[in-house]
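The values are calculated or read from the model by the stated rules, or taken from the named source; none is laboratory data. As the structure is a prediction and not an experimental result, all values here were calculated from the model. Cβ: placed from backbone, ideal geometry, glycine included. Neighbour counts: every protein chain shown. SASA here: full protein model, heavy atoms, side chains in, ligands and nucleic acids out. Shrake-Rupley method; radii C 1.70, N 1.55, O 1.52, S 1.80 Å.
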Amino acid sequence: MADSPTENSLNSLTNKEGENIEIIFDNNQWSFKSIINYLECFRNNGFTFKILPQKSDFIIGSNSSNDRGEVLHLK
């Protein structure tokens, strides 16, 4: 689970009009339950989200609920 300063930083995020902000959650530090809770809280704030699964070298996610998700391999 993330520490309190990290959680406070997420809670204070705002997305100004026109900004493209993508949040990448690290599943090595955050449980899927915590990640899903934050996805639900911020889903209508104009952010996009990706998840780095535990012990992996890729990030998964989609920028639209209507589009298929993508896998981004890290080098």
Just give me the residues in region 30-75 being of a type in the set (D, E, K, R), touching a strand residue (DSSP E or B) at 6+ places or on another chain (Cβ under 7 Å) and assigned to a loop (DSSP other than H, G, I, E, B), in sequence order.
Asp57
Among the residues of region 1-57 satisfying the criterion of being among the β-branched types (Val, Ile, Thr) and within 12 Å of the chain's Cα centre (by Cα), which is modelled with the lowest pLDDT?
Ile21
Tally of residues being open to solvent by less than 30 Å² (accessible area, probe 1.4 Å) and closer than 15 Å to Glu22 by Cα across region 53-63
2
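Output the number of residues of region 18-52 satisfying the condition of being at positive phi and surrounded by 10 or more Cβ atoms within 10 Å (Cβ to Cβ).
Final tally of qualifying residues: 1.
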Filter region 60-75 for residues that are among the β-branched types (Val, Ile, Thr) and closer than 16 Å to Tyr38 by Cβ and give the result.
Ile60
